[in-house]
Amino acid sequence: MPERKFEEILKDLKNKVYHPLYFLQGEEPYYIDAISDYVEKHLLNDMEKEFNQTILYGREADAMTIVSTARRFPMMSNYQVVIIKEAQDVKWFGSKEKEEEKTKDKVKEKEDPMMLYLQNPTTTTILLFCYKYKTIDNRTKKGKLIKDKAQFLETKKLYDNQLPAWIKNYLKERKIKADDHAVEMLAEYLGNDLSKINNEVGKMLINLKDKSVITVSDIREHIGVSKDYNVFELQNALAERNILKANRIVNYFEANSKNNPIQLIVGSLFAYFNKILIYHFTTDKSSASLASAMGISPFFVKDYERTARNYPVWKLEQIIGWLREYDLKSKGVGSTDQVPTGELLREMVFKIIH
């Protein structure tokens, strides 16, 4: 069975097109949780759930428990729902038996209750596996059988340059608009953890109630980004080579290190200066071409053009090297002394500007 897309599976579920087996795996848990939550909340009504919905957790469930639960017939309902959360912890999936070996191991495989169930799942059961942060080995017979029989989804982390478009679409689905600065701020401040974005933006929308357009001010107020002291203002200070402003921001970060971890700041600066390098190496300097190459809105091209004038390629190559160096130092790699993160930031900013 071909791999499905998140939107396809969710659309089928909303249209009441159900399948007996779902296997959701991968490093991005947001999509897995979204489908699992929908199945848990909407496939059965409250009365049906009491008798026909079972949630098991991987560490507590073995193959026999899962299969015996899945083979039950529904009571006063067309379906029963069985959700295996944290399925990556089910011992059956972690089995190290060599499936290539014949004789004794082949007999075991034939008698394996889970393998037998996967070959012939109960049509009145909707069995959903949430296999997070990992992927099952598709070269094994287990993996091949799951991919062949299940509605199969593999999730991947978004790249940083994909985040703004994802956030815009996320807001659009909720009939909310946001200007480009607001979207960029959300992407930079919250990172590519989609579950975190969903939680933080969800709380903000509750506070904003019926407001249909999100601004930078809304984000500052409801998500906690300081107006004058944030990574965007640091980028602006560095772009202008304004050492006084940059040091003020570094001092604020040092005093509020819990909310401004150095690793997040270094990561943001790495992405920022990497885009400046891309600017220099992009032959076609039209706004559309540069925006596409750098993965940004055309609205921001002039800002990057200004920075590129202050930072030639040789300097940017130095900066990228320093950012990697200070990222490692912040994690205690290659340094015998415990240097305060504020000092590391201050030293790094000085090198970038000078």
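What shape does the chain take by its C-alpha gyration tensor, where a ≥ b ≥ c are the square roots of the eigenvalues and a/c under 1.5 counts as rounded, a/b above b/c as prolate, and the rest as oblate? Cα axes put the chain in the prolate bin. Summarising the amide proton neighbourhood of ILE214: residues at separation of 5 or more, or on other chains, whose placed amide H is nearer than 5 Å comprise LYS177, ALA178, ASP179.
Using the Cα gyration tensor of segment 160-223, with a ≥ b ≥ c the square roots of its eigenvalues, what is the shape: rounded (a/c below 1.5), prolate (a/b larger than b/c) or oblate (neither)? Rounded shape, in that the Cα axes give a/c under 1.5. What does the C-alpha gyration tensor say about the overall shape of segment 212-326? Classify as rounded when a/c is under 1.5, otherwise prolate if a/b is larger than b/c, or oblate. Judged from the Cα gyration tensor, segment 212-326 comes out oblate (a/c at least 1.5, b/c at or above a/b).
Taking the Cα centre of the chain as the origin, how large is its charge dipole in debye, to the nearest 20, when only Lys and Arg (+1) and Asp and Glu (-1) carry charge on their Cβ atoms? Intermediate values should be presented prior to the final figure.
Values: 55 positive and 51 negative charges, 81 e Å.
Charge dipole, the chain, about its Cα centre: 400 debye, nearest 20.
What's the magnitude of the charge dipole for segment 242-354 around its Cα centre, counting Lys and Arg as +1 and Asp and Glu as -1 at the beta-carbon? Answer in Debye, nearest 20. List each step's numbers first, then the result.
Numbers: 14 positive and 10 negative charges, 51 e Å.
Value, rounded to 20: 240 debye.
Working note: Karplus 6.51/-1.76/1.60 with θ = phi - 60° gives segment 319-327 the couplings 4, 4, x, 5, 4, 5, 4, 6, 5 Hz, where Gly and Pro are set to x. Which Cα, out of ASN260, VAL17, PHE281, lies furthest along the positive dipole direction of the chain (beta carbon charges, K/R +1, D/E -1)? Farthest towards the positive pole: VAL17.
Note on ARG59 and ARG324: the model spin-label points, each 7 Å out from Cα along the C-beta direction, lie 3.8 nm apart.
With R₀ fixed at 41 Å, the C-beta to C-beta distance from LYS175 to GLU111 puts the FRET efficiency at about 0.15. A simple rule links phi to the HN-Hα coupling: the Karplus curve 6.51 cos²θ - 1.76 cosθ + 1.60 with θ = phi - 60°, which for segment 229-238 gives 10, 8, 5, 5, 5, 5, 4, 4, 5, 5 Hz, with x for Gly and Pro. Annotation: amide H of VAL81 within the under-5 Å range of GLN53, THR54, ILE126, sequence separation 5 or more or interchain, hydrogens built in the peptide plane. Fully extending the segment from GLU7 to ILE243, taken as 0.36 nm per residue of separation minus the present Cα-Cα distance, adds 80.2 nm. Applying 0.36 nm per residue to the separation of ASN138 and ASN198 and subtracting their alpha-carbon distance, the gain on full extension is 18.5 nm. Residue-wise HN-Hα couplings along segment 307-315, as the Karplus relation 6.51 cos²θ - 1.76 cosθ + 1.60 with θ = phi - 60° gives them from phi, are 5, 4, 5, 8, 10, x, 4, 4, 5 Hz; Gly and Pro carry x.
What FRET efficiency comes out for the pair PHE51/LYS91, r = Cβ-Cβ distance, R0 = 35 Å, nearest 0.05?
Numbers: r = 28 Å, r/R0 = 0.80.
E between PHE51 and LYS91, to the nearest 0.05, is 0.80.
Note on ALA255 and PHE350: their simple-model spin labels are 2.1 nm apart, each label 7 Å out from Cα toward Cβ.
Computed from the Cβ-Cβ distance with R0 of 41 Å, the FRET efficiency linking GLN338 to LYS156 stands at 0.70.
Calculated [222 nm] ellipticity per residue, helices only, for the chain: -17000 deg cm²/dmol; basis is -39500 (n - 2.57) per DSSP H run with n ≥ 4, divided by all residues, nearest 500.
Full extension of the chain between THR69 and LYS211 gives 46.5 nm of extra length, using 0.36 nm per residue less the Cα-Cα distance. Since only SER212, ALA187, ASN161 are under comparison, the one whose Cα sits farthest along the positive direction of the charge dipole of segment 160-223, derived from C-beta charges on Lys, Arg, Asp and Glu, is SER212. Dividing the Cα radius of gyration of segment 6-155 by 2.2 N^0.38 Å, with N the residue count, gives 1.02. Under 5 Å between amide hydrogens, built in the peptide plane, is the criterion, and for LYS157 it picks out GLU27, GLU28 among residues at least 5 positions away or on other chains.
Here, each number is a calculation from the coordinates, and none is a lab measurement. If you're wondering where the values come from, they're calculated on a predicted model, not measured in any experiment. Heads up, the Cβs are rebuilt from the backbone with ideal geometry, glycines too, and the neighbour counts pull from every protein chain shown.
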